[in-house]
Amino acid sequence: MKFKHHTGNNGNRKCECGFESILPELLPWYLFVIVLCIRIHYVLQPKNWWLLHPDEIFQSVEVAFSEVYGNGFRTYEYSPSTTNVTTPVEEQEMNQGMYSLRSFLYPQFFAVIFAVCKFVGIRLNCYLVGRICQCVVTSFTPVAVFRFCRTLFRCRGTASIAAMLTSFSLHISVLGTHTLVNSFISPFLFLSVDIILQYLLKPPAVTDFSNDESLYNDSSSRYNHTENGSASIQCTMRDINSNLKIQKNPLNGAALQEQKNSLEDGKIVKEVKAKKSKPKKHHLATRHFTLDINVMLLSMSGFVCAIMCYMRPDTIIFLIVIGVSFLFTYRDNVSIKKGRYLTGTVGSGFAIGLIVGGLLDWYTYGIMFISPAQWLKLNVASHVPAVLYGTNSPYQYILDIFASCKSELCFNIFCLAALVMMTQTEYIDSVDQKSSSSLLITLSCMLIIYSVIAHKELRFVHNVLIIIEILAAYAIHGALQFINSLLKFTKDKIKIVVMVFSLSVGLNTYMNFPSYGEETILPWKTVTPTDSSDINQCLFFISEQNNVTGVFIDNSIYTIAGFTILNHDVPLLTLIHHEYHEYRSGGYIPRTDLSYKTPRNLYVINRYSDIIDVTNIHYLSKRLLESQEYNYVVVPNKRVPSFSQLGFNKAPFSAGRYSVLQRLLTPIESTKLSIAGKNMPLGKNSTIMEYEASWLYTAGLYTKAIERLENAIELNNSRVRPFQLLASSYANKADLTKAKATEDKCILGHGRTACRKPQPRIVIHEDYKQYSVN
């Protein structure tokens, strides 16, 4: 087999596949509009408000919302180091390095947009604003991929197929509709790499700006035109990358017209030579202008790459792998001068980007460059993520990417066969095979590196997914070329083939796209998605009410969009794992750095004001009766009758399996419920009381811990640890008299040896045993 094809290093040759003539010039921008409309329509549907991962809230829009409105949740990733450690939970966080792990760069993108909306008076819910803005950014990915492929393969047909595959890729489409940093950085990353790659693939004669002889002394080279009719030495990046037949000429208008007339007459006239000095002046000006543009573009590319790496530190692995693979593949095209030029421009931009990220860290955490250092320390140098989030099979990525469904498996087998076939094809040159080999090396290395990591999530390999789509486009392009060479398709038939292929890819994504209440959503979930969608719809309804004073949510905090969708600064009681956590006003993060000079109601998720085990129904009821500011609850439909006894007897809204209940009480009813709550016990199980007290003690809530421990000892005084915790709680409150009395009581009942010996922490939930410490 022998295909006519282009050469990667020679901008004068182009692909002769014939696909360019049937594909519209603005195809990537058409795809951008189509993808954007589809994604915005998707996220505006309430049934699609399910969470792919809690990080899409608590590492993005929730942080931004709290920055603008002053209230919201913060996870340990966005919390500063504790300067004065006073509680066990603070000590654990400091020992494990669980603080200042993320830069505020990504949330600041949303914060700026939220601030503008607030200033202008747009009342659209910030959760929807965040997802729409994410869709706008991620919809540029096909455009970035098109430019990258066009530069790499010098074929608009291959680039167009890659853009279509990226637009309708199932994995990329799902990740692109959720506010995750992994999908956010991809378009910026590939656009930046494209600019660097354009310069890397330039012939040495074009990029060697310091070669004065070639620029000035060789008079013939200054007017030596390529087959395209362009002056090769004057080409900018945009000129070299384009397939236009006629490009801008560096000569001034008069000289250009004179030369054009001369060429039409079939001879070189002397008038052009007579103006030799004048064009030379313009040549120098044009040369310096081109150089400045290159410097700015390459520096900006380095700057953007640095910002992306600061947002997500493991991006540096992708840049190193793809950079090394391309430099090795095109090593003959890289001179020492070009290497120095690239290092100077890209490196300077990268350094400036790192400084910007470091300054933001100093502004938010008080220490420059702390977030990438902490991220690497926790995620690379420790096993904490594997313990906290679990481990996966080494083959997890292979199965999820290449065999997620039958149609995906068949498509990947076809692309693999096409790639194998193309290795047996005789090309005019082997540059395309070099380019595909570089991508294959990048793909293999990235999959190996990420497969070694214990904890795996598909979002981590978002850039790898794009590389796979590019390789698939290269394979499909070759297969279509081969079929066309055998069957001699007409232009209309090629159009039909391309249309059928595009519709097939789009239909496959539509058929397998996660949707409300279907099994197709299950492979994607880290929480129960249908519950998440139902609960967020309920919270959206509450956000539009004006009389909200407190909200109870009978489900996990990791299924909701936080205060971003609730949009009320009120007390919140919600579930985390097996315990209800209460967050009340005044729980702001104390800061000493520049960004937090005034108190805010920023709730760190593990800094609760009270905790209730799911089995302690008595204390939960007591808390809701006594704290009557909780006037809205979101509960499963099957539990609605039990809450009617607590005064919640109105259901103004429901979504799926969840309902919103409202409590409207008269003064007499309020008094009765309050008295009933005060007469209810803290609990009737000493084990549960000790368990809750242990959590309260760890969080430094010694007053509440004392209440539970005294109740636990009253119910059952056979265990030693409640006495130990009670004595320590009194000591931490500086009540040494009661601490000594509690210790004496323990010694009297259990002996001095037992009371002085550390006792194991009680664990009542199986999945907590791996975290149990003395």
Output for region 43-52, where each listed residue is open to solvent by 30 Å² or more (accessible area, probe 1.4 Å) and farther than 13 Å from ASP531 by Cα: LEU44, GLN45
Some residue of region 371-380 being free of Cβ contacts under 8 Å to residues at least 24 places away in the same chain and of a type in the set (D, E, K, R): no
The one condition in (1) within 18 Å of VAL89 (Cα to Cα); (2) surrounded by fewer than 18 Cβ atoms within 10 Å (Cβ to Cβ) that TRP695 fails to fulfil: (2)
Residue that is farthest from ILE185 (Cα to Cα), among those in region 147-157 that are of a type outside the set (Val, Ile, Thr), assigned to a helix (DSSP H, G or I) and open to solvent by less than 10 Å² (accessible area, probe 1.4 Å): GLY157
Residue ranges of helices (runs of 4 or more DSSP H) in region 442-544 with at least 3 members open to solvent by 60 Å² or more (accessible area, probe 1.4 Å), within 29 Å of LEU128 (Cα to Cα) and modelled with pLDDT under 95: 491-512
Only one of ASN637, ASN606, ASN616, ASN631 that is assigned by the TED database to the domain that holds SER543, farther than 24 Å from ILE565 by Cβ and either open to solvent by 20 Å² or more (accessible area, probe 1.4 Å) or polar (S, T, N, Q) (or both): ASN616
Single condition PHE32 does not satisfy, out of (1) open to solvent by 20 Å² or more (accessible area, probe 1.4 Å); (2) modelled with pLDDT under 90: (2)
Any pair with Cβ under 6 angstrom, 6 or more apart, that starts in region 385-397 at a residue that is open to solvent by 70 Å² or more (accessible area, probe 1.4 Å) and ends at one that is assigned to a loop (DSSP other than H, G, I, E, B) and not aliphatic (A, V, I, L, M): TYR389/HIS455
Pairs, first farther than 11 Å from LEU197 by Cβ in region 151-162, second of a type in the set (Lys, Arg) and part of a helix (DSSP H, G or I), C-beta under 7 Å, six or more apart: ARG156/ARG150; ALA159/ARG150
Residue in region 91-99 that is open to solvent by less than 10 Å² (accessible area, probe 1.4 Å) and touching a residue at least 40 places away in the same chain (Cβ under 8 Å) present: yes
Qualifying residue in region 392-405 (condition: under 21 Å from the mean Cα position of the chain (by Cα), of a type in the set (S, T, N, Q), at pLDDT 85 or above and under 23 Å from VAL321 (Cα atoms)): yes
Residue match in region 148-163 (condition: in contact with a Gly (Cβ under 7 Å, 6 or more places away or on another chain) and on the phi > 0 side of the Ramachandran plot): yes
Answer from SER404, SER436 - the residue that is more than 20 Å from ALA306 (Cα to Cα) and open to solvent by 50 Å² or more (accessible area, probe 1.4 Å): SER404
Any hit, region 666-683, residues being crowded, with 16+ Cβ neighbours inside 10 Å, in contact (Cβ under 8 Å) with a residue 12 or more places away in the chain and hydroxyl-bearing (Ser, Thr, Tyr): no
Qualifying positions in region 359-381 - surrounded by 14 or more Cβ atoms within 10 Å (Cβ to Cβ) and assigned to a loop (DSSP other than H, G, I, E, B): GLY366, ILE367, MET368, PHE369
Residue check for VAL85: free of Cβ contacts under 8 Å to residues at least 40 places away in the same chain, in the same structural domain as ILE467 (by the TED database) and open to solvent by 30 Å² or more (accessible area, probe 1.4 Å): no
Search result, residues across region 302-342 that are assigned to a helix (DSSP H, G or I) and of a type in the set (Ser, Thr, Tyr): TYR310, THR315, SER325, THR329, TYR341
Residue check, ILE589 modelled with pLDDT under 95, among the aliphatic types (A, V, I, L, M), closer than 30 Å to TRP362 by Cα and open to solvent by less than 30 Å² (accessible area, probe 1.4 Å): yes
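The values are calculated or read from the model by the stated rules, or taken from the named source; none is laboratory data. Bear in mind that the values here come from a model prediction, so they are computed numbers and not experimental data. Counting neighbours? That spans all protein chains shown, and the Cβs are built from the backbone with ideal geometry, glycine included. Surface areas here come from the heavy atoms of the whole protein model, side chains and all, with no ligands, DNA or RNA. Shrake-Rupley method; radii C 1.70, N 1.55, O 1.52, S 1.80 Å.
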